[in-house]
There are 2 protein chains.
Amino acid sequence: MKNYKFVLQYEGTRYQGWQRQDSTDNTIQGKLEKLLSRMCGEAVEVQGSGRTDAGVHALAQVANAHMHTQRTPEEIRDYMNLYLPEDIGVLSVEEAPERFHSRLNAKGKVYRYRIINSSIPHIFERKYAHVVSEKLDVDAMRRAAERLEGTHDFKAFTSSRKGNKSTVRTINRIELIQDNDVITLTFSGDGFLYHMVRILTGTLLEVGLGQRSPGEMEEILQSCRREKAGALVPAKGLTLMEVKY
Amino acid sequence: MKNYKFVLQYEGTRYQGWQRQDSTDNTIQGKLEKLLSRMCGEAVEVQGSGRTDAGVHALAQVANAHMHTQRTPEEIRDYMNLYLPEDIGVLSVEEAPERFHSRLNAKGKVYRYRIINSSIPHIFERKYAHVVSEKLDVDAMRRAAERLEGTHDFKAFTSSRKGNKSTVRTINRIELIQDNDVITLTFSGDGFLYHMVRILTGTLLEVGLGQRSPGEMEEILQSCRREKAGALVPAKGLTLMEVKY
């Protein structure tokens, strides 16, 4: 039994997200487990670095699985790419230390949220970006983003109802880049709570629209109340860019 | 009756190409004419700068149409973007001089052909690039491309059977850019014959694979025979980038 580390790319549009479901499974984890179980002739469980929601994309998701197989890592990669649907791809497979766990060992993650700030369509970005026609004040969004960086209790910025787990996280950087009418927000941190990046983005969007001031960020953090933060933005604008170990 | 100039963006994947067909129409021109005819309450004919083939994309195709309408150009643009399918978009509409003709007045065009030179999938490029797993010699491709630049009879590089029209064209530049395993060929010229960019690319690919030498390019040009040139590469790698006036 060896432990393998996978780096995966997928377009989330057609899927119910990462996490395997019991019935009518249409998930990334489900597709991978089904294929690897077929390859090995026995049940294989795939651990992801985190659960991307339905519609969220990944440029480089990381997963691992313990398997019995005679194939080399390159052969496993090629086998998977041959049989996986066209919107899921395996960038690499390598042997990992037996104790390597893609989620528990992850030291950081980078997510990107993309906004088209225009009423003119961007046909080639339409599945990977959220459209906001009203002019955004990107400088105000940047000032607000700075106030969210650092170590905080992000309880106000998650949809999770699980009361007993820590909601303290560290955001190293929220970078906003404006390239004509495309605004890219890049979040780097040690980990993100359920819906956290999408609620952070929704809150920053409301700052950009002038509905909130950058100064409100501390208040929202301190409140620890979901209803104080902004709206959840659509999944399609979100992409998991990198998992750090 | 005013003449309007349109700049259009589309993903060609789902379409039978630009040019309107008589039955079971699923073309870009057909979709535009149907919509503008409905908007104007009378038949509208849309002229494109050129016919993109089935599966070919456009970042900025140009078209024009003479129409009776009370709407401003911006209102026409918004009306079109409201009703067009999600894979066709209107970037701009403006009034043009009465004699402006998107095809006859075009002075130049820029096309891009994208190749993924890897057996590792590129999920987010899969609809816009052609995959070649075998290692390509990009330097040899560049030397061959240089020999195709300039004014030549490109009869060997077209699938067109029309014998009486001139097949002389000028290619100002064929630029090859390699970014890791993505190779982008950019063709700038005064105009391109039917299938010309895809046959040029197919021929350069065969040079990259070592099946031909750069020095053969002159011989192919001089032969004026289609069978001397390389294979036609798939439509999905091709994008019309710009039309110059």
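Relative contact order of region B:1-54: 33 percent, from C-alpha pairs under 8 Å at least 6 residues apart in sequence.
Report summary: the helix-based calculation at 222 nm, which adds -39500 (n - 2.57) for every DSSP H run with n ≥ 4 and divides by the residues of chain A, gives -7000 deg cm²/dmol.
Distance between the modelled labels on A:S92 and B:C224, one decimal in nanometres: 5.4 nm (7 Å Cα→Cβ projection). Of the GluC sites (Glu not before Pro) in region B:36-103, the ones in a loop by DSSP (not H, G, I, E or B) with at most 12 other beta carbons within 10 Å are B:E42, B:E86, B:E98. Computed from the C-beta positions of A:R143 and B:K162, the FRET efficiency with R₀ = 51 Å rounds to 0.25. Pairs B:K31/B:K127; A:K107/A:K236; A:K5/A:K109; A:K127/A:K162: which are spaced more than 23 Å apart, C-alpha to C-alpha? A:K107/A:K236; A:K127/A:K162, as the Cα separations exceed 23 Å there. In the assembly of identical copies, A:K135 has its label point, taken 7 Å from Cα in the direction of the beta carbon, separated from the corresponding points by 5.4 nm (ascending, one decimal). Take the accessible area of chain A alone and of chain B alone, subtract that of the pair, and you get about 1800 Å² summed over both chains, using a 1.4 Å probe.
One way to sum up the overall shape of region A:19-64 is the equivalent ellipsoid from its Cα gyration tensor, whose semi-axes run 19, 13, 8 Å, largest first. With axes computed from alpha carbons, what is the tilt in degrees of helix A:196-208 against the longest principal axis of chain A, rounded to the nearest 10 within 0 to 90? The angle comes out at about 30 degrees. Computed from the C-beta positions of A:H68 and B:S119 and an R0 of 22 Å, the FRET efficiency is 0.30 to the nearest 0.05.
By its C-alpha gyration tensor, with a ≥ b ≥ c as the square roots of the eigenvalues, how is region B:68-152 shaped: rounded for a/c under 1.5, else prolate for a/b larger than b/c, else oblate? In terms of gyration-tensor shape, oblate. Evaluating 6.51 cos²θ - 1.76 cosθ + 1.60 at θ = phi - 60° for every residue in region B:134-144, the Karplus couplings come out as 5, 4, 9, 8, 5, 4, 5, 4, 5, 5, 5 Hz, glycine and proline recorded as x.
Computed packing ranks the peptides B:186-194, A:108-116, A:132-140, A:213-221 as A:108-116, B:186-194, A:213-221, A:132-140, most packed first, by mean other Cβ atoms within 10 Å.
Given R₀ = 51 Å, what would the calculated FRET efficiency be for A:E134 paired with A:K34, taking r from the Cβ atoms and rounding to 0.05? Taking R0 as 51 Å, the efficiency between A:E134 and A:K34 is 0.70. Put the Cα centre of region B:173-237 next to the Cα centre of region A:85-147 and the gap is 35 Å. Near A:E219: Cβ cut-off under 12 Å, other residues only, Lys/Arg at +1 and Asp/Glu at -1. The net charge is +2.
Just subtract the alpha-carbon distance of A:D179 and A:K107 from 0.36 nm times their residue separation and send over the number in nm, one decimal.
Extra length from A:D179 to A:K107 when fully extended: 22.9 nm.
The simple spin-label model puts a point 7 Å past each Cα toward its Cβ; for B:Q19 and B:A43 those points are separated by 1.9 nm.
Rounded, prolate or oblate: which fits region A:96-243, taking a ≥ b ≥ c as square roots of the Cα gyration tensor eigenvalues, rounded meaning a/c under 1.5, else prolate when a/b beats b/c? In terms of gyration-tensor shape, oblate.
Spin-label model, A:D153 to B:N81: label points 7 Å out along the Cα-to-beta-carbon direction sit 4.4 nm apart. Ascending distances from the B:R38 label point to its copies in the other chains, with the point 7 Å along the Cα-to-beta-carbon line: 4.1 nm. In the protein assembly as shown, the portion of solvent-accessible area held by carbon and sulfur atoms comes to 45 percent [1.4 Å probe, whole percent, DNA, RNA and ligands not counted]. Structural descriptor for chain A: relative contact order 24 percent, calculated from alpha carbon pairs under 8 angstrom and at least 6 residues apart. For the segment A:115-121, counting C-beta atoms of other chains within 10 Å of every residue's C-beta and taking the mean gives 4. Label-point distances for A:E75 to the equivalent site in the other copies, using a point 7 angstrom along Cα→C-beta, read 6.9 nm when ranked shortest first. The convex hull defined by the C-alpha atoms of the protein assembly as shown has an orientation-averaged projected area of 27.7 nm².
The values are calculated or read from the model by the stated rules, or taken from the named source; none is laboratory data. Keep in mind that this is a model prediction, so the values were computed, not measured. So basically every Cβ, Gly included, is an ideal-geometry build from the backbone, and we count neighbours across all protein chains shown. Side chains are part of the model used for accessible areas, which takes the heavy atoms of the whole protein and leaves out ligands, DNA and RNA. Shrake-Rupley method; radii C 1.70, N 1.55, O 1.52, S 1.80 Å.
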